[in-house]
Amino acid sequence: MTESAPVDPTSTDGWKKLAGIADGFTPDLRGWFDSDPGRAERYTFQAADLTVDLSKGLVDDDILAALLQVAKDAGVAERFQAMLAGEHINVTEDRAVLHTALRRPEGIEPALVVDGQDVDADVHATLDKVYVFAEKVRSGEWTGVSGKRIETVVNIGIGGSDLGPVMVYEALKPYVQAGLEARFVSNIDPADIYEKTADLDPETTLFIVASKTFGTLETLTNARLARQWLWAELGLTDASDDEKSNAVAKHFVAVSTALDKVAAFGIDPENAFGFWDWVGGRYSVDSAIGTSVVIAIGKENWQQFLAGFHAIDEHVRTTPLEQNVPVLMGLLNVWYTNFLGAQSHAVLPYTQYLHRFAAYLQQLTMESNGKRVRWDGTPVTTDTGEVFWGEPGTNGQHAFYQLIHQGTRLIPADFITVAKPARPLKDESGDGKAVQPGQDVHALFLANFFAQTKALAFGKTADEVRAEGTTDEGIVAARTFTGNKPSTSILAPELTPSVLGQLIALYEHIVFTEGTIWGIDSFDQWGVELGKQLALQIAPAVDGDQDALASQDSSTMALIAKYLELRGE
Ligand code: F6P
């Protein structure tokens, strides 16, 4: 353990000030904006290409000052430097936490050497290997057993070995090479692999088995099912071992830190791309775990993606806390969670290409900060880990925004959008009323973005409702919006690979800031272990082993018995 004992944030002066402010706190965004014409400008910050407007948050200068004091007392900046330097801040696994090294450009002096390893050299050697392989697939030099070029790449992985690649692939669809497609199999429900392979041509399909540990039940089961599918579809089920392994060699590659296990599965280590135990699964999208995406979008775009992450890493490293966007956003989250009672946090991208972003963030944020003990094993001293969730706008507007606007819960929301659409379209006809002929549809889309953040902040008073002609007071109440619902607006020029990297790094460092304040190890995930162990223990019972069934608690036993009955077994 190299980390010193965490600071108890509740004992700091900043925290005490915040507690005082929170006592009887009555936000007044209308009043704050009216009395302070500089508010929007003062609370709008820039990090690389991201313009971040915090002014519609429930924050004023006193709150911000106290939050910054907490950050200083908790040593956020110092711990960030410790992370960059490779200190073992993942205490419970005694590991460095170096996802930031995955995007360090080549040639930075001095080289990053951690635990005796030249990390920069390792990272770039692997990247080069991935680039060479990806180019072979993209150019058609790499072929399947029958000599046909690869048209579909199927990534098999789960958690961090799935959510990142699938999110990035979806986000960067406009950059995908024509004639190439990626698919993603994660769930051990056999329906997933069945549906994803049902219409595929085995001769043009390449599987990438992505697993940091190469020991994950779901991924290895799906990898075996994929191999079985390949052999069956190629007519090799009864073929010789040589023919079968030849097919595997041409249609399977792997990404893992456990190259010995990759070889045991039958994948040539030459066709395996490594990474390191200092990359957490949910922080691995910019490692070789992204190989499926590199194949789809190519080396130059991937380099831009990495450059985007690095730009935000540099922003965090070099910017004073007062202007440091991920730190400020993390601190605001602490304010909402620990002082204003928020339990969840909505992420609402106004770009369809980010439709998997909230799902990706769920693992990044909740597997990282869903902890009840601190890095020294002592209980946390305050609530941790909000529930992150969301859907793209405007879909969410027609689903759950009602509760954000008029419900009783406080749900801070991040609105994310880009100015230049990848697919600009005009509605040439319009409807002649709300939508004029020739309307730019993206502008209409963004009008919704601006309208929602405005409605959340400023609401609609009873007098405004009455002024519109509503006379029944019951209905006036139902049509009133209190406002003072906090949101952050994040704008970028365009959803380029770089901007996407910036957005991901932004949230990585928000998570880091919150985790540091709370004194928790945001880089382990012991909470997922018990369920995994029990699944293995229960599996024989579900498969009909009576002794295993008899050893279960009465509820589990009855549920399994019912399952077997429903299956007719
Ligand atoms: O769910 C736990 C977890 O360990 C995640 O942290 C990880 O991203 C996922 O499983 C997949 O792990 P692996 O890449 O080792 O298969």
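The values are calculated or read from the model by the stated rules, or taken from the named source; none is laboratory data. Only a predicted model underlies this, so the values are computations on that prediction, with no experimental measurement involved. Note: ideal-geometry Cβ built from the backbone for every residue, glycine included; neighbour counts use all protein chains shown. Quick note on the areas: whole protein, heavy atoms, side chains included, nothing else; ligands and nucleic acids left out. Shrake-Rupley method; radii C 1.70, N 1.55, O 1.52, S 1.80 Å.
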Notebook entry, point to check: Residues of the stretch 251-261 being outside any loop (DSSP other than H, G, I, E, B) and open to solvent by 40 Å² or more (accessible area, probe 1.4 Å), which ones?
Noted result: LEU259, ASP260, LYS261
Check: Does ASP34 satisfy the condition of being without any contact (Cβ under 8 Å) to a residue 24 or more places away in the chain, over 24 Å from LEU331 (Cβ atoms) and not hydroxyl-bearing (Ser, Thr, Tyr)?
Finding: yes
Notebook entry, point to check: Do you know which residues across the stretch 66-82 are of a type outside the set (D, E, K, R) and either in contact with a Phe, Trp or Tyr (Cβ under 9 Å, 6 or more places away or on another chain) or open to solvent by 10 Å² or more (accessible area, probe 1.4 Å) (or both)?
Noted result: ALA66, LEU67, LEU68, GLN69, VAL70, ALA74, GLY75, VAL76, ALA77, PHE80, GLN81, ALA82
Margin query: If ASP120 satisfies all but one of (1) within 16 Å of the ligand (Cβ to nearest atom); (2) of a type in the set (Asp, Glu); (3) open to solvent by less than 30 Å² (accessible area, probe 1.4 Å), what's the number of the condition it fails?
Written below: (1)
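Let's see how each residue does on (1) part of a helix (DSSP H, G or I); (2) hydrophobic (A, V, I, L, M, F, W, C):
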residue: VAL279; (1), (2): no, yes
residue: VAL285; (1), (2): no, yes
residue: VAL294; (1), (2): yes, yes
residue: GLN304; (1), (2): yes, no
residue: GLY308; (1), (2): yes, no
residue: PRO326; (1), (2): yes, no
Item checked: Residue tally, condition over 28 Å from LEU306 (Cβ atoms) and within 16 Å of the ligand (Cβ to nearest atom), over the stretch 190-217 -> 3
Notebook entry, point to check: For THR126, all conditions in the list (1) surrounded by 14 or more Cβ atoms within 10 Å (Cβ to Cβ); (2) within 20 Å of TYR360 (Cα to Cα) hold save one; what is the number of the exception?
Noted result: (2)
Check: Residues that are buried (at least 19 other Cβ atoms within 10 Å of the Cβ): which strands (runs of 3 or more DSSP E) entirely in the stretch 341-433 hold 3 or more of them?
Finding: 344-350, 413-420
Note to self: For the stretch 216-227, check the following and say yes or no: at least one residue is open to solvent by 30 Å² or more (accessible area, probe 1.4 Å), closer than 30 Å to HIS509 by Cα and touching a Phe, Trp or Tyr at 6+ places or on another chain (Cβ under 9 Å).
What the structure shows: no
Margin query: Out of the helices (runs of 4 or more DSSP H) lying entirely within the stretch 474-569, which hold 1 or more residues that are touching a Ser or Thr at 6+ places or on another chain (Cβ under 6 Å) and open to solvent by less than 20 Å² (accessible area, probe 1.4 Å)?
Written below: 497-518
Next item on the list: Among what's in the stretch 132-169 and is assigned to a helix (DSSP H, G or I) and surrounded by fewer than 18 Cβ atoms within 10 Å (Cβ to Cβ), pick the residue that is farthest from the ligand (Cβ to nearest atom).
Entry: SER139
Check: Looking at this structure, is PHE184 buried (at least 22 other Cβ atoms within 10 Å of the Cβ) and under 14 Å from VAL253 (Cβ atoms)?
Finding: no
Notebook entry, point to check: Just wondering, is there one or more residues in the stretch 34-42 that are assigned to a loop (DSSP other than H, G, I, E, B), of a type outside the set (Phe, Trp, Tyr) and buried (at least 16 other Cβ atoms within 10 Å of the Cβ)?
Noted result: no
Next item on the list: Take the stretch 431-456 and flag every residue that is out of contact with any strand residue (DSSP E or B) (no Cβ under 7 Å at 6 or more places or on another chain) and aliphatic (A, V, I, L, M).
Entry: ALA434, ALA443, LEU444, ALA447, ALA451
Item checked: the stretch 234-250 - residue that is assigned to a loop (DSSP other than H, G, I, E, B) and among the aliphatic types (A, V, I, L, M) and, of those, most open to solvent (accessible area, probe 1.4 Å) -> LEU234
Notebook entry, point to check: Among all residue pairs at least 6 apart or on different chains, which show Cβ distances below 9 Å where the first residue, located in the stretch 199-222, is free of Cβ contacts under 8 Å to residues at least 60 places away in the same chain and farther than 20 Å from SER287 by Cβ and the second is in a strand (DSSP E or B) and more than 8 Å from the ligand (Cβ to nearest atom)?
Noted result: LEU200/THR152; LEU200/VAL154; LEU200/ARG183; ASP201/THR152; GLU203/THR143
Next item on the list: Kindly indicate which of VAL465, VAL441, VAL476, VAL499 is touching an Asp or Glu at 6+ places or on another chain (Cβ under 8 Å) and without any contact (Cβ under 8 Å) to a residue 40 or more places away in the chain.
Entry: VAL441
Item checked: GLN304, sole failed condition from (1) farther than 29 Å from ALA451 by Cβ; (2) surrounded by 24 or more Cβ atoms within 10 Å (Cβ to Cβ) -> (2)
Margin query: Let me confirm something: among GLY140, GLY157, GLY144, GLY164, which residue is touching a strand residue (DSSP E or B) at 6+ places or on another chain (Cβ under 8 Å), under 16 Å from TYR283 (Cβ atoms) and at pLDDT 95 or above?
Written below: GLY157
Notebook entry, point to check: Can you name every residue in the stretch 231-254 that is within 27 Å of VAL285 (Cα to Cα) and hydrophobic (A, V, I, L, M, F, W, C)?
Noted result: VAL248, ALA249, PHE252, VAL253, ALA254
Next item on the list: Tell me which residues, restricted to the stretch 88-111, are open to solvent by less than 10 Å² (accessible area, probe 1.4 Å) and either of a type in the set (D, E, K, R) or without any contact (Cβ under 8 Å) to a residue 40 or more places away in the chain (or both).
Entry: ARG103
